[in-house]
Amino acid sequence: MFNIFSRAKPKLSDLIPKNFVDIHSHVLPGIDDGAKNIDESLKMIYEMSMLGFSKIIGTPHTYEGVHNNTNKSIEKSFQRLQEKNHENIAISYASEYMLDNSIFEKIRSKSLLCLKNNYVLVEMSYISPPINLYEIIFELRTNGYIPVLAHPERYRFLHHNFKEFEKLLNHGCKFQLNLLSVSGYYGDDILKISDLLLEKNMISFVGSDAHSISHIKIINGIRRKNFESRVRVKNKKQLELALDNNSSFK
Ligand SMILES: [Fe+2]
């Protein structure tokens with residue numbers, strides 16, 4: 001039956017443009033808290049291709065002491081997956097780097113794995129920023145990198161200090177919104193900040209940040225938010241612009 005309310009609130013999957021490039025995902029097998037093995041990676045990739053994704057950049061965590069990845073471990077995991085990927089979808093790799101002191105050496109040796117050109121995906125702890133946050137950003141910028149901050153909306157310590165978002169942008173960061181945030185997956189407070197960041201045109205890119213197949217669709221009857229959920233932000237135009245911007249990572 002025709003439902004005006006469901007038309008007003010499209011599903012996340014309805015907004016995925018043709019040739020969408022996902023710049024943030026944990027599809028590479030067995031090297032972080034994402035896909036556990038190749039079988040799970042392939043299932044995720046299949047579902048993402050069904051949603052219309054044309055390219056997926058695997059961005060496993062590089063987080064000293066938690067996910068001790070190196071360029072070698074990431075390349076190896078990528079190669080194992082690439083050999084088995086027969087979907088009509090391109091896979092490449094980079095990393096999601098924790099902003100901590102271990103990144104300095106990688107910046108200075110210019111060995112960071114980039115999404116494309118000099119764009120590098122970075123994240124912070126959800127509890128607090130590093131005390132030398134702006135020193136790290138300065139080091140990235142002066143070495144020619146453009147930091148793309150993953151899911152700025154998920155750092156609750158910034159929610160009541162909105163000026164800090166502006167400061168991060170003024171220091172040369174770009175923001176990547178998690179697509180699941182606009183469905184309320186991470187909570188209504190994160191949904192609200194996502195809408196505000198969109199309204200103020202502060203979001204450059206988006207990403208799935210998919211760690212498992214349950215982030216993409218309902219499995220085993222477990223109902224949680226995924227790409228079939230409704231988009232609950234008001235600023236859909238800005239969201240669509242950010243979705244389109246991702247095509248620059250083709
Ligand atoms: Fe991530």
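Values quoted throughout were computed directly from the atomic coordinates according to the rules given, and no laboratory measurement underlies them. From a predicted model like this one, the values you see are computed outputs, not experimental measurements. Counting neighbours? That spans all protein chains shown, and the Cβs are built from the backbone with ideal geometry, glycine included.
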Segment 8-79-segment 110-172 distance, computed between alpha-carbon centres (Å): 21 Å
For segment 92-207, what is the number of Lys pairs with C-alpha distance below 14 angstrom, counting only pairs 8 or more positions apart or on separate chains? 5
Added length on full extension, which subtracts the Cα-Cα distance from 0.36 nm per residue, Glu105 to Ser49: 16.5 nm
In the chain, what % of DSSP beta bridges are antiparallel (nearest 5)? 15 percent
With a cut-off of 18 Å, note down the residues of segment 35-49 whose backbone N falls inside the zone around a label point 7 Å from the Cα of Gln79 toward its beta carbon. 38
Which chymotrypsin sites (Phe, Trp or Tyr not before Pro) from segment 108-181 combine a DSSP loop assignment with at most 16 other Cβ atoms within 10 Å? Tyr126, Phe162
With only alpha-carbon atoms counted, please give the Rg and Dmax of the chain, in Å. 17.5, 60
Can you tally the net charge around Leu115? Count Lys and Arg as +1, Asp and Glu as -1, for every other residue whose Cβ sits under 12 Å from the Cβ of Leu115. +2
How many Lys pairs in segment 21-87 lie less than 17 angstrom apart by Cα atoms, where the lysines are 8 or more positions apart or on different chains? 6
Report the one residue of His26, Tyr145, Ile45 whose Cα lies farthest in the direction of the positive end of the charge dipole of segment 11-249 (charges on C-beta: Lys and Arg +1, Asp and Glu -1; origin at the Cα centre). Ile45
Using the basic label-point model (7 angstrom from Cα toward the beta carbon), what is the Arg156 to Lys234 distance in nanometres? 2.4 nm
Would you please name the trypsin sites (Lys or Arg not before Pro) within segment 149-221 that are DSSP coil residues with at most 10 other C-beta atoms within 10 Å of their C-beta? none
Listed highest first by mean packing, meaning other Cβ atoms within 10 Å per residue, what order do 101-111, 44-54 come in? 44-54, 101-111
Only four residue types carry charge here, +1 at the Cβ of Lys and Arg and -1 at the Cβ of Asp and Glu. Report the dipole size of the chain about the Cα centre in Debye, rounded to the nearest 20. 660 debye
Under 8 Å for C-alpha pairs, at least 6 residues apart: give me the relative contact order for the chain, rounded to a whole percent. 23 percent
By Cβ neighbour count within 10 Å, fewest first, His67, His171, His26, His160 rank His160, His171, His67, His26
If you build the Cα gyration tensor of segment 118-230 and take the root of 5 times each eigenvalue, what three semi-axes come out, in whole angstrom, biggest first? 27, 15, 12
